[in-house]
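Please read the structure below before turning to the comments.
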Amino acid sequence: MKLNISFITLLQIIVFIGCGELRTIQRYGLDSPTIEVKGEKAFVNGTLGETFYHLFVKTLDKNPQLKTIVLLKIPGSVNDEWNLKSCLLLYKKGLNTELLNNSIVESGGTDLFVSGNKLILADGAKIGVHSWAGDDLVAAELPKDHPEHKMFLKFYSEVEVDSSFYWYTLKAAPAEGMHFMTKTEISKYLGNKIK
């Protein structure tokens, strides 16, 4: 059976999917993503996902002078696949990431932070980690060789973060919880990238 979809129908589907992400963000009282450029730094706030990815691409295209992405309050992502695309783009562009003393990154926001070539971290910044769950799977309960881990292990390898960080996040807190890393944990798992 051949599927015949007009351009207008396809455009409506794309808009509906994008709007669905924004509706999800709003339904849960999360902030939509924003990026504000000041010189060589871009300041990021809000929830990550496909919407953020497209905003990030436009920002990078219009601002080749950027060297550092400053993460302010990032509660996580609504789409892991799109978030990892953003993370890999950040890393491949050679950008550093920075957390200010009042920055809070959690879950997918932590993935974006660790994707920086160098990580700049002020005292007081919070880095939240936890396990993931979805589609009736709980990551911490899966064997280490389960295929669902591969996407994340490949990602961490590409951004030069040791796989021990991934396994640590799965044990640090359940999917519905959040653990904020101690200075000792940051040094142990991310110390090689801290500037």
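The values are calculated or read from the model by the stated rules, or taken from the named source; none is laboratory data. Bear in mind the structure is a predicted one, so any value in this text is a computation, not a measurement. Heads up, the Cβs are rebuilt from the backbone with ideal geometry, glycines too, and the neighbour counts pull from every protein chain shown.
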Q) Within the range 149-165, which residues are farther than 17 Å from Leu89 by Cα and either touching a Leu at 6+ places or on another chain (Cβ under 6 Å) or part of a loop (DSSP other than H, G, I, E, B) (or both)? A) Asp162, Ser163
Q. Taking into account only those residues within the range 62-75 that are in a strand (DSSP E or B) and not aliphatic (A, V, I, L, M), which is surrounded by the fewest Cβ atoms within 10 Å (Cβ to Cβ)?
A. Lys73
Q. Out of Asp123, Asp80, Asp135, which single residue is on the phi > 0 side of the Ramachandran plot and of a type in the set (Asp, Glu)?
A. Asp135
Q. Any idea which of Val70, Val78 is in contact with a Leu (Cβ under 7 Å, 6 or more places away or on another chain) and β-branched (Val, Ile, Thr)?
A. Val70
Q) Among (1) in a strand (DSSP E or B); (2) in contact with a helix residue (DSSP H, G or I) (Cβ under 8 Å, 6 or more places away or on another chain); (3) surrounded by fewer than 23 Cβ atoms within 10 Å (Cβ to Cβ); (4) not polar (S, T, N, Q), which single condition is Leu100 missing? A) (2)
Q: Would you tally the residues in the range 76-97 being in a loop (DSSP other than H, G, I, E, B), closer than 12 Å to Leu112 by Cβ and modelled with pLDDT of 95 or more?
A: 1
Q | From the options Asn117, Asn101, residue that is closer than 17 Å to Ala42 by Cβ, over 14 Å from the mean Cα position of the chain (by Cα) and at pLDDT 95 or above | A | Asn117
Q | Cβ pairs under 7 Å, 6+ apart, first in the range 119-135 and more than 14 Å from Gly76 (Cα to Cα), second among the basic types (Lys, Arg) and surrounded by fewer than 18 Cβ atoms within 10 Å (Cβ to Cβ) | A | Leu119/Lys195; Ile120/Lys195
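Within the range 132-140, is even one residue more than 20 Å from Ala42 (Cα to Cα), among the β-branched types (Val, Ile, Thr) and assigned to a loop (DSSP other than H, G, I, E, B)?
No, the conditions are met nowhere in the range 132-140.
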Q) Here is a list of conditions, (1) surrounded by 12 or more Cβ atoms within 10 Å (Cβ to Cβ); (2) at pLDDT 95 or above, and Ala140 meets all of them except one; can you say which number that is? A) (2)
Q. Just one of Gly128, Gly109 is closer than 30 Å to Lys41 by Cβ, touching a Pro at 6+ places or on another chain (Cβ under 7 Å), at pLDDT 95 or above and not in a loop (DSSP other than H, G, I, E, B); which is it?
A. Gly109
Q) Can you name the number of the only condition in (1) surrounded by fewer than 17 Cβ atoms within 10 Å (Cβ to Cβ); (2) in contact (Cβ under 8 Å) with a residue 24 or more places away in the chain that Ile35 fails? A) (1)
(Q) Pairs needed: first member in the range 45-61, part of a helix (DSSP H, G or I); second member anywhere, among the small types (Gly, Ala, Ser) and buried (at least 20 other Cβ atoms within 10 Å of the Cβ); C-beta distance under 8 Å; at least 6 residues apart or different chains. (A) Phe52/Gly46; Phe52/Ser77; Phe52/Ser86; Tyr53/Ser86; Phe56/Ser86; Thr59/Ala42
